[in-house]
Every structure is written in structure tokens, then in C-alpha cells.
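Here the structure is laid out as C-alpha cells; the discussion comes afterwards.
The numbers here are math on the coordinates, done by the rules we state, and not lab data. Here the structure is a predicted model, which means the values were calculated and not measured. Backbone-built Cβ (ideal geometry, glycine too); neighbour counts: all protein chains shown.
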Amino acid sequence: MDEDTLVIESGARIAVYDDLLSAPRIVEIPPQDVQEFIEAIASSAYDLSHQLGGVLPYSVIREITENFIHAGFSECTVSILDQGNTLRFADQGPGIEKKELVLQPGVSSATGIMKKYIRGVGSGFPIVREYLSTSHGFMSIEDNATEGVVVTIAISKPVEPLIPSQDTRGFSSVPRETIEEPLSFFETEMPDLSPRERQALLLLHEHGLLGPVVLADYLGVSAPTTTRLLQKLQQMGMVESTQQKKRVLTQAGLFYVQRILGSEDLH
């Protein structure tokens with residue numbers, strides 16, 4: 001990309017994962033005018049994710065797509081996973097050094113030239129995070145493998161009621177019509193967690209993705225204590241581990257937060 005005129009020199013790729021047992025389908029987005037390029041990536045990612053059943057709105061996908069301009073549109077890749085409900089945006093640009101800071105409104109590194117194409121006022125990431133936090137989703141910002149950044153956004157579809165499985169370690173979904181009074185049923189059958197375990201679930205719901213060390217800091221306890229807590233929640237099927245060894249809520253954990261912690265007004 002030319003520094004003065006923002007001429008895009010290489011295209012983008014969208015990788016569509018029907019499942020993780022086979023190679024993804026690849027959709028090429030050729031180089032073009034900046035505005036057209038951003039629109040092509042965003043609209044294609046939106047269409048492809050919704051074809052799989054995804055529910056992420058176009059506006060959210062567009063906000064993250066525009067962030068590619070900060071990377072000089074270097075090796076832009078969008079991966080679509082989880083039946084269209086998880087999108088991962090990766091580039092090989094300069095990266096983001098202060099990841100927590102860019103989540104604050106008004107923080108932006110947009111130059112004058114960039115502002116010809118995007119707002120450039122530091123509103124993109126905060127808007128997306130706020131939307132996802134109120135829509136039972138999450139966003140994470142991480143370093144790419146060698147250089148650049150990876151932004152992941154995900155949202156949960158509305159879930160059917162979940163009940164404890166017979167071995168008490170996990171949850172299974174059942175048709176809504178098989179439960180006469182779903183809410184009262186879960187108020188009595190959902191597991192009774194300790195305040196610290198509930199706090200851990202709330203933190204995961206708020207931040208979306210947390211490692212054990214960071215979670216230990218938030219909880220104010222030792223790393224071994226947090227590890228044991230996470231192991232228990234994982235055995236119960238309420239959290240799961242990512243490839244980066246971080247933890248995220250499962251559908252069961254999300255349902256617990258929605259129906260139990262929410263009803264107790266613990267936010």
C-alpha cells in the first residue's frame with residue numbers, strides 16, 4: 001500500500017470453515033480502491049458467515065474490517081468459524097502494542113490520510129466490544145504468530161435450555177417443549193456455585209477470553225487456586241480452553257450467567 005495515496009497492492013482472503021475436520025473454502029478479494037476494498041471484505045464476510053447461520057451484524061463486521069487500514073492492508077485474512085458466529089481478522093502489519101488502550105473511546109492511531117476513508121476517532125473497538133458484551137459475545141485482540149494482530153469476534157446464538165447431564169460433569173440441551181416451566185426448573189436444578197466461581201464466570205462473560213494468570217489477578221487469589229477453580233468449571237462443562245490456553249464460557253456457562261447470575265442482579 002502506497003503511504004501517500006493508500007493504493008492497495010495485495011488482495012485479501014476469506015477462509016470459510018464448514019468444520020475443523022477439512023480445509024476451509026477460500027474466497028479471494030482482489031486489490032481495489034480503499035473504500036471498495038473495505039466494503040468487499042466486510043460484505044463478503046457478512047454474507048458468507050450468514051450463509052452458515054451466523055448472526056453477527058454487518059456493522060460489527062465492518063468496524064473490525066476497517067481496522068485493516070492500520071496494518072496497511074498487509075496480508076489481510078478473515079476466518080469464519082463456528083457456523084458463522086466466530087470471525088477472526090488477521091494481518092501482518094505493525095500490530096497493536098497497547099491492546100487495552102485501544103478499547104477506550106477516543107484512542108486512535110489514524111493518520112490524516114486514513115481519515116479520508118474511516119472515521120479515525122477511536123470508536124471502532126469500543127463500539128464492537130460494547131455491542132458484544134450486551135449480546136452474549138466477546139472480542140479478543142492478540143498478537144499474530146510473527147507480526148501483526150489477530151482480532152476475534154464471536155457471538156452466541158440464542159440457546160435452548162441446558163440441563164445437567166447424568167454424570168453431573170456437563171450439560172446437554174433438551175427441546176424447550178419438554179420442560180413445562182424452564183425458568184423455575186433451572187432455578188432449582190442449576191448447580192450451586194461458590195461466590196468466587198460465580199465471579200470467575202462473570203469476568204469471563206465481561207472479557208470474553210481470559211488466561212489463568214490474568215483471571216487470578218482479577219480474583220485476587222493465587223494461580224494454583226485459580227487453576228483448580230477452572231478445572232472444576234471445565235469438568236462441569238461451563239468453561240473450555242482455547243488453543244492459546246485461555247478460557248471462554250461454553251453455552252452452559254453462558255446460560256448460567258444469563259439465567260442465574262442475572263436473576264440475582266450480579267453484574
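In region 209-258, which trypsin sites (Lys or Arg not before Pro) fall in coil by DSSP and have 15 or fewer other Cβ atoms within 10 Å?
Values: sites: 228, 232, 245, 246, 247; in loops: 245, 246.
Counting only loop positions with at most 15 other Cβ atoms within 10 Å, the trypsin sites (Lys or Arg not before Pro) in region 209-258 are 245.
Based on the Kirkwood radius over alpha-carbon pairs, what value in µm²/s does the Stokes-Einstein equation return for the translational diffusion coefficient of region 12-155 at 10 °C and 1.306 mPa s?
Details: Rh = 15.2 Å.
Answer from the Stokes-Einstein relation: 105 µm²/s.
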